[in-house]
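I have placed the structure first, in the form of structure tokens, so that the comments after it can refer back to it.
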Amino acid sequence: MGPGPAAPHADKPHADNPRSGASRRVRASAVRFLRRRAAVLVRLAAWSAAESAQTFLGGWCVARSLDDGFLRGAPATGLLWLGGAALAILLGAPVVRGVFAQLPLLTEPLRDALVRRSVVQALATATADTTGRAVDATAVSRLTSQTEIARDSFAGLVLAARSFVFVAAGALAGLVSLAPQFLLVVLPPLVLGLALFTASLRPMARAQHRYLDADEYIGRRAQTTRTALRDIVACGTQEPADALNRRAIDEAAAAQRALACWAAVRTLCVATAGQLPVLLLLAATPWLLGQGVTAGALVGALTYLLQALLPALHTLMTVLGTAGARLLVILERLAGPPPPEAEPLTTPRQPPAPASGHRRAAAAVELRRVEVAYGPGARAVLDGLDLTVEDGEHLAVVGPSGIGKSTLLRVAAGLLTPDQGEVRLYGRPVGDCRPSHLAALRALLPQEAYVFTGTLRDNLRYLRPDARPSDVMATVRALALDPLVDRLGGLDRPLRPDALSLGERQLVALGRAHLCAAPLLLLDEATCHTDPVAEATAEHALRSRTGTVVVVAHRLSSALRADRVLVLDGTRAQHGTHRELLGTSALYRDLVGHWNDAHG
Ligand SMILES: Nc1ncnc2c1ncn2[C@@H]1O[C@H](COP(=O)(O)OP(=O)(O)OP(=O)(O)O)[C@@H](O)[C@H]1O
């Protein structure tokens with residue numbers, strides 16, 4: 001009974017549309033943010049321009065030291081030029097200081113803006129909740145670690161992007177000044193690598209999103225499974241729960257593989273834009289020498305490529321691929337709608353609003369062409385089954401042993417995803433319901449009643465912890481549980497499950513179902529160990545509460561009490577009242593005959 005695993009896509013973290021909307025909002029906010037800080041950007045560019053000069057001087061001095069010094073037999077001149085290159089490196093120190101003085105003027109306002117936004121979001125979530133119970137569990141993380149990560153990623157991004165632009169400008173200017181032919185060799189692979197990298201950014205960000213989503217989904221599934229463990233075992237739904245968890249893990253593994261593939265693409269881009277020019281330069285040396293390019297210029301060009309361009313490119317691509325994607329994800333989350341609610345630690349107390357907003361207008365259960373087979377080669381247990389159970393109806397399901405009655409209930413409860421067909425609860429496809437929604441819509445009582453060590457009151461209130469004492473007493477009266485309460489020494493005396501008979505355990509579970517807020521109760525031979533009087537009392541009580549009851553009938557009396565009976569007969573299904581079915585269904589007549597024989 002209670003929350004069980006839902007279809008794997010039931011609580012997928014983000015739909016596509018909210019995300020693209022969030023991307024747009026992030027872009028617009030980023031443009032506004034940078035526009036307002038144009039002065040800082042100009043100062044940053046001014047300091048970075050000095051970095052261009054430093055890069056330019058580095059290669060140029062090396063070239064001169066060879067051409068005008070060492071290769072001409074004038075080592076003193078060569079050393080002088082190398083001293084110039086060293087001086088350029090030393091001059092880099094104040095440049096770095098100047099850049100870092102400007103950087104906080106960009107990163108701190110971003111952090112402040114993100115903190116402000118997180119607080120507003122958390123307050124909006126809390127104030128929008130009229131029950132006063134809403135807790136945005138991610139708010140603290142957004143306020144602390146996520147904003148810090150965003151700030152650090154942004155700082156890294158600014159540093160890397162700025163450095164690449166100005167270093168590349170200095171290096172390209174140096175190459176042209178040494179020999180314009182260098183551009184013919186260096187530019188094509190550089191442009192190709194950068195274009196490839198730019199094209200891969202969007203899918204790389206998508207892969208990062210997918211991985212984070214999958215990772216978070218595993219976390220939520222682990223929490224859900226841990227919370228619902230007792231119920232999963234009690235309902236015998238370990239297999240579907242296991243399958244869902246496996247699917248979540250497989251998805252995370254696939255997402256991580258995809259991410260690794262994009263990391264490989266990034267390496268290819270670095271190789272194309274950064275290392276291929278070096279190779280081409282070496283290969284083109286005879287041609288370049290033929291063009292009158294000097295040996296010093298060649299070494300200077302290699303200095304530009306190896307000392308300046310390649311490290312800047314490598315840093316840019318790594319930072320964009322990792323910190324950039326992280327920053328994008330965090331900004332989109334902060335700009336988008338609040339993240340999906342974590343699975344509740346306890347079963348929700350009230351059913352959520354139905355999808356259509358017309359609970360009474362939608363059928364409680366709708367099955368359309370539902371097919372279920374346990375395994376690829378296995379015979380279909382349910383084959384193209386159509387079934388509508390109206391809200392407020394009481395349906396009994398009958399059929400020979402092993403025909404698929406429990407399967408039908410598990411499908412209707414959203415615990416078993418059919419191979420084909422559609423299942424709706426109150427108008428909403430079960431696949432679209434999060435486990436918490438499913439738990440609020442329906443309660444499934446299996447034959448093996450689940451009772452835990454604790455008081456009888458706790459056991460009864462398990463699916464509705466906030467039930468008032470008067471509600472509990474109403475349930476005790478409705479199900480005639482007084483003798484059991486007396487025997488146990490009161491509602492608040494601890495009970496031991498193994499000290500209860502199977503029938504008593506079923507009574508406790510039935511009481512729990514009576515007290516819970518779910519409008520749909522699915523009873524899978526949940527009264528088989530109770531005596532016929534207790535069964536009749538329980539069914540009457542469950543039926544008297546507002547809602548729908550579907551019962552896998554253990555006795556003929558259950559079928560007689562129902563509004564309608566569904567007879568499962570192999571792949572065929574017939575329904576009607578008891579009287580109608582006696583006339584139309586030979587199988588039903590057999591079952592009734594068997595029940596009559598068995599019970600005199
Ligand atoms: N997890 C499973 N794996 C493989 N086969 C299964 C599984 N669960 C049920 N089956 C098979 O599916 C068929 C229908 O089982 P189901 O429990 O739905 O029948 P039932 O009508 O409820 O039976 P009973 O009245 O005996 O409880 C049976 O043949 C059963 O062996």
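In table form, for the structure just shown:
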read-out	value
Selection from region 550-568 of residues that are more than 16 Å from the ligand (Cβ to nearest atom) and free of Cβ contacts under 8 Å to residues at least 40 places away in the same chain	Ser557, Leu560
Some residue of region 569-584 being in contact with a Ser or Thr (Cβ under 6 Å, 6 or more places away or on another chain) and away from the ligand (no atom under 13 Å from the Cβ)	yes
Check on Gly547, touching a residue at least 24 places away in the same chain (Cβ under 8 Å), at negative phi, small (Gly, Ala, Ser) and more than 16 Å from the ligand (Cβ to nearest atom)	no
Lone qualifier among Val26, Val40 - being touching a Leu at 6+ places or on another chain (Cβ under 6 Å), at pLDDT 90 or above, of a type outside the set (Asp, Glu) and crowded, with 16+ Cβ neighbours inside 10 Å	Val40
So Gly511, is it surrounded by fewer than 16 Cβ atoms within 10 Å (Cβ to Cβ) and either assigned by TED's automatic domain parsing to the domain that holds Thr407 or not polar (S, T, N, Q) (or both)	no
Wholly within region 511-600, strands (runs of 3 or more DSSP E) carrying at least 1 residues that are touching an Asp or Glu at 6+ places or on another chain (Cβ under 6 Å)	548-552
Among (1) in contact with a helix residue (DSSP H, G or I) (Cβ under 8 Å, 6 or more places away or on another chain); (2) of a type in the set (Gly, Ala, Ser); (3) within 13 Å of the ligand (Cβ to nearest atom) - the single one Ala443 does not satisfy	(3)
Hits in region 372-411 - residues which are within 9 Å of the ligand (Cβ to nearest atom), free of Cβ contacts under 8 Å to residues at least 60 places away in the same chain and not hydrophobic (A, V, I, L, M, F, W, C)	Tyr374, Gly375, Arg379, Ser401, Gly402, Thr407
Tally, over region 413-440, of residues that are at pLDDT 90 or above and within 12 Å of the ligand (Cβ to nearest atom)	1
Listing of strands (runs of 3 or more DSSP E) fully contained in region 370-477 that carry 3 or more residues being buried (at least 20 other Cβ atoms within 10 Å of the Cβ) and outside the structural domain of Arg555 (by TED's automatic domain parsing)	none
Residues located in region 25-41, provided they are under 29 Å from the mean Cα position of the chain (by Cα) and of a type in the set (D, E, K, R)	Arg25, Arg27
Number of positions in region 540-560 that are under 21 Å from Ala518 (Cβ atoms) and in contact with a strand residue (DSSP E or B) (Cβ under 7 Å, 6 or more places away or on another chain)	10
Pairs with Cβ under 8 Å, 6+ apart, first in region 357-370 and modelled with pLDDT of 60 or more, second among the hydroxyl-bearing types (Ser, Thr, Tyr) and assigned to a loop (DSSP other than H, G, I, E, B)	Ala362/Ser356; Ala362/Tyr426; Ala363/Tyr426; Ala364/Tyr426
Among residues of region 478-499, those that are without any contact (Cβ under 8 Å) to a residue 24 or more places away in the chain, in a helix (DSSP H, G or I) and farther than 16 Å from Thr537 by Cα, counted	4
Number of positions in region 221-262 that are within 16 Å of the ligand (Cβ to nearest atom) and surrounded by fewer than 18 Cβ atoms within 10 Å (Cβ to Cβ)	7
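Yes/no matrix, rows are residues, columns are (1) modelled with pLDDT under 85; (2) farther than 25 Å from Thr303 by Cα; (3) surrounded by 14 or more Cβ atoms within 10 Å (Cβ to Cβ):
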residue	(1), (2), (3)
Ser65	no, no, yes
Phe70	no, no, yes
Ala101	no, yes, no
Val119	yes, yes, no
Thr125	yes, yes, yes
Ala134	yes, yes, yes
Phe154	no, yes, yes
Leu159	no, no, yes
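The values are calculated or read from the model by the stated rules, or taken from the named source; none is laboratory data. Keep in mind the model is a prediction, meaning the values are calculated, not measured. Please note: Cβ atoms are built from the backbone with ideal geometry, for glycine as well, and neighbour counts cover all protein chains shown.
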